[in-house]
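**Student:** Submitted below is the structure of interest, expressed as structure tokens.
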Amino acid sequence: MKVLLVEDDAQISALVINALRQANFDVDHTDNGLTGLEKSATGLYDLLVLDLMLPGLDGLSLLKRMKEMSQWIPTLILSAKGDLDDRLLGFELGACDYIPKPFYVEELVARVRAALAKTEGIIDQSLMVGDLRLDRVSRQVHWQGVKATLSQREFSVLELLMRSPGHIFSRKQILLHVWEIDFDPNTNVVDVCIQRIKRKLTRHQNTNAELPIDSVRSVGYRMNKGA
């Protein structure tokens with residue numbers, strides 16, 4: 001599971017990162033609210049641990065912007081602002097838990113696990129973008145009368161794109177999310193995977209319609225919202 005920590009206190013960040021990594025979570029960190037918003041909107045993370053008092057963009061404004069963008073990620077607020085109004089607003093904007101500072105890292109890890117377990121129980125069985133449907137249980141994909149079974153990595157790539165229609169994912173982001181490679185190995189493995197997905201779903205297609213995965217030149221790929 002991949003967790004994004006948005007926290008500007010260096011000491012607290014180090015404690016949280018260490019505790020989550022010891023609990024076998026993959027952790028990414030930024031100390032700026034605007035960068036946190038950009039990262040949160042990529043669809044690469046399973047959970048957001050969010051401070052409220054941040055440079056660039058405060059935590060509640062970040063959640064509000066995410067809501068306006070129709071982007072949702074399970075969020076655990078971690079903040080010294082313990083006022084009831086702040087807590088209620090955080091929950092109203094989509095946060096699933098609120099931990100006041102100071103805190104015990106053991107409790108934080110337990111609440112992260114609980115939030116993820118709860119989220120797994122409410123995630124839809126399938127994703128749909130236009131005529132394209134991805135079934136998370138059978139691991140099959142349906143598009144305009146065609147049904148295909150994808151490999152694990154093909155499925156993961158398509159799921160990533162479908163979770164954020166219209167968002168452009170760089171090849172590096174896809175490599176990190178699917179292959180867990182955090183550098184560019186100078187291969188075309190992502191392009192080959194995309195082509196395999198397209199072939200499987202258009203192999204028996206009798207129309208001229210193209211699978212709505214757009215290639216953005218020199219950048220990466222995105223799922224067309226008008227699928």
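**Student:** Out of everything in segment 145-163 that is in a loop (DSSP other than H, G, I, E, B) and modelled with pLDDT of 85 or more, what residue ends up being surrounded by the most Cβ atoms within 10 Å (Cβ to Cβ)? Even if it seems obvious, please write down each step before you answer.
**Tutor:** First, pick out the residues of segment 145-163 that are in a loop (DSSP other than H, G, I, E, B): 145, 150-151.
Next, only the ones that are modelled with pLDDT of 85 or more stay: 150-151.
Numbers: 150: 20, 151: 13.
Checking each candidate, the answer is 150.
**Student:** Could you list, in sequence order, all residues of segment 164-194 that are of a type in the set (D, E, K, R) and either out of contact with any strand residue (DSSP E or B) (no Cβ under 9 Å at 6 or more places or on another chain) or at pLDDT 90 or above (or both)? Reasoning before the result, please.
**Tutor:** Kept after step one, since they are of a type in the set (D, E, K, R), are these residues of segment 164-194: 171-172, 180, 182, 184, 191.
Within segment 164-194, 171, 182, 184, 191 meet the criteria.
**Student:** Identify the residue in segment 84-118 that is in a loop (DSSP other than H, G, I, E, B) and either more than 22 Å from residue 72 (Cα to Cα) or without any contact (Cβ under 8 Å) to a residue 24 or more places away in the chain (or both) and, among all such residues, is nearest to the chain's Cα centre (by Cα).
**Tutor:** So in segment 84-118, the residues in a loop (DSSP other than H, G, I, E, B) come out as 93-96, 101-104.
If we keep only those that are either more than 22 Å from residue 72 (Cα to Cα) or without any contact (Cβ under 8 Å) to a residue 24 or more places away in the chain (or both) too, we end up with 96, 101-104.
Values: 96: 16, 101: 26, 102: 28, 103: 26, 104: 26 Å.
Once the filter is applied, the top-ranked residue is 96.
**Student:** Going through segment 63-80 one residue at a time, which ones are of a type in the set (S, T, N, Q) and more than 11 Å from residue 93 (Cα to Cα)? Reasoning before the result, please.
**Tutor:** Here is the first cut: in segment 63-80, the residues of a type in the set (S, T, N, Q) are 70-71, 75, 79.
Result: 70, 71, 79.
**Student:** Could I ask something else about it? Can you find even one residue in segment 43-57 that is among the small types (Gly, Ala, Ser) and farther than 24 Å from residue 166 by Cβ? Reasoning before the result, please.
**Tutor:** The initial filter retains those residues of segment 43-57 that are among the small types (Gly, Ala, Ser), namely 43, 56.
Within this subset, residues satisfying the condition of being farther than 24 Å from residue 166 by Cβ are none.
Within segment 43-57 (the criterion being among the small types (Gly, Ala, Ser) and farther than 24 Å from residue 166 by Cβ), the answer is no, since none of the residues qualifies.
**Student:** Further, regarding this structure: Out of the residues in segment 10-34 that are in contact (Cβ under 8 Å) with a residue 24 or more places away in the chain and under 26 Å from residue 159 (Cα atoms), which is surrounded by the fewest Cβ atoms within 10 Å (Cβ to Cβ)?
**Tutor:** This residue is 26.
**Student:** Residue check, residue 221 against (1) modelled with pLDDT of 90 or more; (2) in a helix (DSSP H, G or I); (3) in contact with a helix residue (DSSP H, G or I) (Cβ under 7 Å, 6 or more places away or on another chain), all met but one. Which one?
**Tutor:** (2)
The values are calculated or read from the model by the stated rules, or taken from the named source; none is laboratory data. Just so it is clear, the structure is predicted and the values come from calculations on it, not from any experiment. Note that each Cβ is placed from the backbone with ideal geometry, even for glycine, and that neighbours are counted across all protein chains shown.
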